[in-house]
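Undergrad: Here it is, the structure, as structure tokens.
The values are calculated or read from the model by the stated rules, or taken from the named source; none is laboratory data. Just so it is clear, the model here is predicted, and its values are computed rather than measured. Here the Cβ is made from the backbone with ideal geometry for all residues, glycine too, and neighbour counts use every protein chain on show. The area values use the complete protein model at the heavy-atom level, side chains included, leaving out ligands, DNA and RNA. Shrake-Rupley method; radii C 1.70, N 1.55, O 1.52, S 1.80 Å.
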Amino acid sequence: MRTHYCGDLRSHHIDETVTLCGWVDRRRDHGGVIFIDLRDRAGIAQIVSDPERTPDSHAIAETLRNEYVIRVTGRISQRPADSLNLKLPTGEVEIYAEQIEILNAVAKPLPFQVSTADTESVREDLRLKYRYLDLRRARMSQNLRLRHEVVKAIRRFLEDEAHFLEVETPILTRSTPEGARDYLVPSRVNPGEWYALPQSPQLFKQLLMVAGGDRYYQIARCFRDEDLRADRQPEFTQLDLEMSFMSQDEIIALNEALVSHIFKTVRGIELPRPFPRLTYAEAMARYGTDRPDTRFGLELADVSDIVATSGFKVFSGAVKSGGRVKVLPIPHGNDQISNVRIKPGGDLFKEATLAGAKGIAYIRVRDDGELDTIGAIKDNLDAEQKAQLLERTGAQPGHLLLFGAGDTATVNKSLDRLRQVLGAQLGLIDPEKLNLLWITDFPMVEWNADEKRWEALHHPFTAPHPDDLADLTTARAQAYDLVYNGLEVGGGSLRIYQREIQEKVFATIGMSDAEAQAKFGFLLEAFEYGTPPHGGIAYGLDRLVMLLAGEESIRDTIAFPKTQQARSLLTAAPSTVDERQLKELHVASTYTPEE
């Protein structure tokens with residue numbers, strides 16, 4: 001059908017006769033001479049049909065329209081000096097079409113323009129409904145190619161350099177809901193019983209370590225029935241790794257080498273190693289989040305001890321009730337941020353309330369270095385407290401101090417949100433900067449106030465720090481997350497490999513012995529047959545490619561994604577099914593549509 005891809009032609013092909021196949025990206029008629037930009041996966045080549053030089057192709061060339069599928073045979077020529085297109089890799093050459101064959105025409109008006117020359121903004125619902133057209137466009141084609149290059153780099157490093165073994169784990173497994181909701185699949189041959197689609201291959205990869213697999217990896221499909229947002233999908237892909245007989249430092253070092261290989265291979269970027277590390281406690285104290293964007297400063301300052309005895313009841317009351325008071329210091333904030341933005345109705349006030357805060361307290365530092373003379377905060381601080389506040393926050397003349405007071409979680413969440421918003425608005429974030437860091441020493445468990453029980457912060461198979469075994473409710477986990485410019489791209493841990501510790505963790509999160517045996521008996525039994533120390537990590541492949549591509553949504557790095565309502569606009573899934581199918585599965589729907 002063809003001899004070359006369109007995007008592969010160069011000046012050294014001049015005088016060769018080639019056959020190309022692809023789509024008409026654009027057609028231009030210049031006084032009888034017709035120019036066609038022919039597009040395929042590799043790029044664009046310029047085709048020329050001249051009524052005098054190539055009369056056999058000219059009549060067909062006149063009938064061509066955008067997105068016609070054609071085959072062209074012709075001789076490659078050097079483009080005239082005044083028509084070189086150095087923006088295209090093929091811009092030095094053109095093909096005089098001796099023959100053009102229409103393989104398929106376009107029978108309906110296009111829902112949107114596909115041409116690389118057309119930069120119109122297209123509604124996402126249209127893009128998803130006609131995804132096969134959207135994927136022809138240069139941006140999406142490049143994203144899919146980038147994803148392929150990332151996966152190829154991963155495979156080459158893990159297989160050729162780190163000696164990992166690729167193993168596929170089951171898609172149909174049992175339901176063990178301990179995080180997000182499972183997608184359930186009824187079993188026809190086992191009436192009344194259900195499979196679940198895997199939220200991750202966690203248990204199977206641990207069993208592979210029990211089996212002596214030593215170093216496992218998988219490009220794994222995972223499924224979670226959870227609320228969606230821009231960087232989440234109900235089905236997604238993760239790079240899953242597990243390895244035996246390695247310490248946490250060794251696992252982190254291997255993964256730094258892997259990530260550096262990806263960046264070097266795909267983007268040509270040399271990442272400095274080792275990556276910085278912060279403990280969970282340090283990250284929460286300094287940034288209010290366990291996935292801080294460290295491309296800019298604006299670090300938080302905890303002033304709870306300074307204001308605990310303040311006459312300002314909002315502060316002293318927060319500390320007395322077990323909460324915190326923190327400050328987000330903004331250099332030159334007096335010049336850049338007005339009172340209106342901070343008070344009720346202002347944009348910064350709204351950002352804080354979206355994070356759960358009731359509002360924002362603030363105080364300004366005058367040009368003489370003293371606190372502003374107006375305000376309830378300043379009026380209820382003595383001279384020593386004022387001096388300590390200025391010292392603790394590092395405030396200089398012109399600083400604006402934004403306060404969060406209340407329960408620790410809300411204070412951290414609201415100030416983190418304000419920090420991110422102001423970092424972007426004040427131009428403090430360098431978009432070319434790539435900051436990767438590890439967050440370590442997470443808490444093992446966190447309190448679920450709604451269910452009145454402890455639950456695992458990551459998952460219940462994470463190993464506690466050996467020094468903290470006495471009380472798992474205050475224990476540190478041997479866990480580590482990789483954060484890239486403020487987004488978590490990977491998370492992992494050393495795993496529990498001793499039955500008695502695993503049973504203790506299950507008991508801590510409120511799981512009875514009977515329930516643990518019913519859900520995880522196979523794992524507990526495996527631990528009695530010589531399980532090696534092991535650990536691993538999983539990367540969100542869609543999110544990693546999204547960041548490398550500079551996109552804002554993982555939907556733009558997945559070939560056929562779902563909407564935020566977990567629907568496929570292309571195939572109209574999910575859909576109803578025939579009653580006969582449900583009867584075979586012994587399933588009946590109790591859903592009643594709202595009137």
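Undergrad: Given the rule -39500 (n - 2.57) for each run of at least 4 DSSP H residues, summed and divided by the residues of the chain, what is its mean residue ellipticity at 222 nm, to the nearest 500 deg cm²/dmol?
TA: Helix-only estimate at 222 nm: -8000 deg cm²/dmol.
Undergrad: Then there is this: Please work out the Kirkwood hydrodynamic radius for region 451-494, using every pair of different C-alpha atoms, and report it in angstroms with one decimal place.
TA: Kirkwood radius, region 451-494: 11.8 Å.
Undergrad: Please identify every one of the GluC sites (Glu not before Pro) in region 333-392 that sits in a loop by DSSP and has no more than 15 other beta carbons within 10 Å of its own beta carbon.
TA: Passing both the DSSP loop test and the Cβ count: E370.
Undergrad: Now a separate question. Taking R0 as 22 Å, what FRET efficiency do you get between Q396 and E432 from their Cβ-Cβ distance, rounded to the nearest 0.05?
TA: Taking R0 as 22 Å, the efficiency between Q396 and E432 is 0.20.
Undergrad: Suppose the chain between A257 and D367 were pulled fully straight at 0.36 nm per residue; how much longer would it get relative to their current alpha carbon spacing?
TA: Here the segment from A257 to D367 would lengthen by 34.7 nm.
Undergrad: Right, another one. Provide the FRET efficiency to the nearest 0.05 for the L487-Y529 pair, computing r from the beta carbons and using R0 = 25 Å.
TA: Efficiency computed from Cβ-Cβ geometry: 0.05.
Undergrad: Just want to confirm a number: the relative contact order over the chain, from Cα pairs under 8 angstrom separated by 6+ residues, in percent.
TA: Rounded, it is 13 percent for the chain.
Undergrad: Normalized C-alpha radius of gyration of region 1-58, against 2.2 N^0.38 Å?
TA: 1.14
Undergrad: Given region 402-466, what whole percent of its Cα pairs are spread farther than 15 Å?
TA: So the pairs more than 15 Å apart make up 72 percent of the total in region 402-466.
Undergrad: Which cross-chain or sequence-distant (5 or more) residues have an amide H under 5 Å from the amide H of R277, H modelled 1.01 Å from N in plane?
TA: W438
Undergrad: Report, largest value first, the span of the C-alpha coordinates of region 200-242 along each principal axis, in whole Å.
TA: Projected onto the principal axes, the Cα atoms of region 200-242 cover 38, 14, 10 Å.
Undergrad: Computed from the mean reciprocal separation of all distinct C-alpha pairs, what Kirkwood hydrodynamic radius does region 112-168 have, in Å?
TA: Averaging 1/r across every pair of different Cα atoms and inverting gives 13.6 Å.
Undergrad: Could you give the spread of the C-alpha atoms of region 251-358 along their three principal axes, from largest to smallest, in whole angstroms?
TA: 57, 31, 25
Undergrad: Could you quote the convex hull projected area for region 476-517, Cα atoms only and averaged over all directions, in nm²?
TA: 4.0
Undergrad: I want to check the label-to-label distance for D225 and N339. Put each point 7 Å from Cα in the C-beta direction and report it in nm to one decimal.
TA: The modelled label-to-label distance comes out at 5.3 nm.
Undergrad: Let me ask another. Counting other C-beta atoms within 10 Å, and keeping those with at most 12, which DSSP coil trypsin sites (Lys or Arg not before Pro) do you find in region 80-131?
TA: For trypsin sites (Lys or Arg not before Pro) across region 80-131 that sit outside H, G, I, E and B with at most 12 neighbouring Cβ atoms in 10 Å, the list reads K87, R123.
Undergrad: Report the far tail of the P(r) of region 275-434, meaning the percent of Cα-Cα pairs longer than 20 Å.
TA: 48
Undergrad: How much area per residue is accessible in the chain when the probe is 1.4 Å and only protein heavy atoms are counted (Å²)?
TA: Here the residues of the chain average 50 Å² of exposed surface.
Undergrad: Sticking with this structure for a sec: Can you divide the C-alpha Rg of region 1-128 by 2.2 N^0.38 Å and report the result to two decimal places?
TA: 1.04
Undergrad: Taking 0.36 nm per intervening residue step and subtracting the Cα-Cα distance, what contour gain separates K320 from Q565 on full extension?
TA: 83.9 nm
Undergrad: Still on this structure, I have one more. In region 405-495, what trypsin sites (Lys or Arg not before Pro) fall in a loop by DSSP, with at most 12 other Cβ atoms inside 10 Å?
TA: K433, K452
Undergrad: Relative to the longest principal Cα axis of the chain, at what angle does helix 383-393 sit, 0 to 90 degrees, rounded to 10?
TA: 30
Undergrad: Separate question: Whole percent per 10 Å bin, from 0 to the bin with the longest distance: what is P(r) over all C-alpha pairs of region 441-595?
TA: P(r) for region 441-595, in whole percents per bin: 9, 24, 23, 26, 17, 1.
Undergrad: Please give me the summed charge of the neighbours of K433: other residues whose Cβ is under 11 Å from its Cβ, Lys and Arg +1, Asp and Glu -1.
TA: Around K433, the surrounding residues sum to -2.
Undergrad: Find how much the distance from L135 to K350 grows on full extension, using 0.36 nm per residue of separation minus their present alpha carbon separation; answer in nm with one decimal.
TA: Gain on extension, L135 to K350, equals 73.6 nm.
Undergrad: When the accessible area of the chain is computed with all protein chains present and a 1.4 Å probe, what percentage of it is carbon and sulfur?
TA: Within the chain, the accessible surface is 50 percent carbon and sulfur.
Undergrad: Right, another one. State the label only: which of (i) -0.32, -0.46, -1.26; (ii) -0.40, -0.53, -1.28; (iii) -0.30, -0.42, -1.23 corresponds to log10 I(q)/I(0) by the Debye sum over Cα atoms at q = 0.05, 0.06, 0.12 Å⁻¹ computed from the shown model?
TA: Working out log10 I(q)/I(0) by the Debye sum over Cα atoms at q = 0.05, 0.06, 0.12 Å⁻¹ from the coordinates points to (i).
Undergrad: What's the Cα-based Rg to Rh of region 73-175, Rh via Kirkwood?
TA: On the Cα set of region 73-175, Rg over Rh gives 1.13.
Undergrad: Suppose R0 equals 30 Å. What FRET efficiency, 1/(1 + (r/R0)^6) with r the Cβ-Cβ distance, do R65 and N85 give to the nearest 0.05?
TA: According to the calculation, E is roughly 0.85.
Undergrad: When each pair of different Cα atoms in region 512-583 is counted once in the 1/r mean, what is the Kirkwood radius in angstroms, to one decimal?
TA: Kirkwood radius, region 512-583: 17.2 Å.
Undergrad: Treating cross-link reach as a plain straight distance, find the lysines whose alpha-carbon is under 30 Å from the alpha-carbon of K378, omitting any fewer than eight places away in the same chain.
TA: Candidates past the 8-residue exclusion: K313, K320, K326, K343, K350, K358, K386, K413.
Undergrad: Once Lys and Arg get +1 and Asp and Glu get -1 on their Cβ, which of M243, V189, H261 lies farthest toward the positive end of the dipole of region 124-281?
TA: H261
Undergrad: Another question, if that's okay. Name the lysines eligible as straight-distance cross-link partners of K108: C-alpha to C-alpha under 24 Å, and not fewer than 8 places from it in the same chain.
TA: K129
Undergrad: Right, something else. Just need the Rg to Rh number for region 454-534, please, alpha carbons only, Kirkwood Rh.
TA: 1.00
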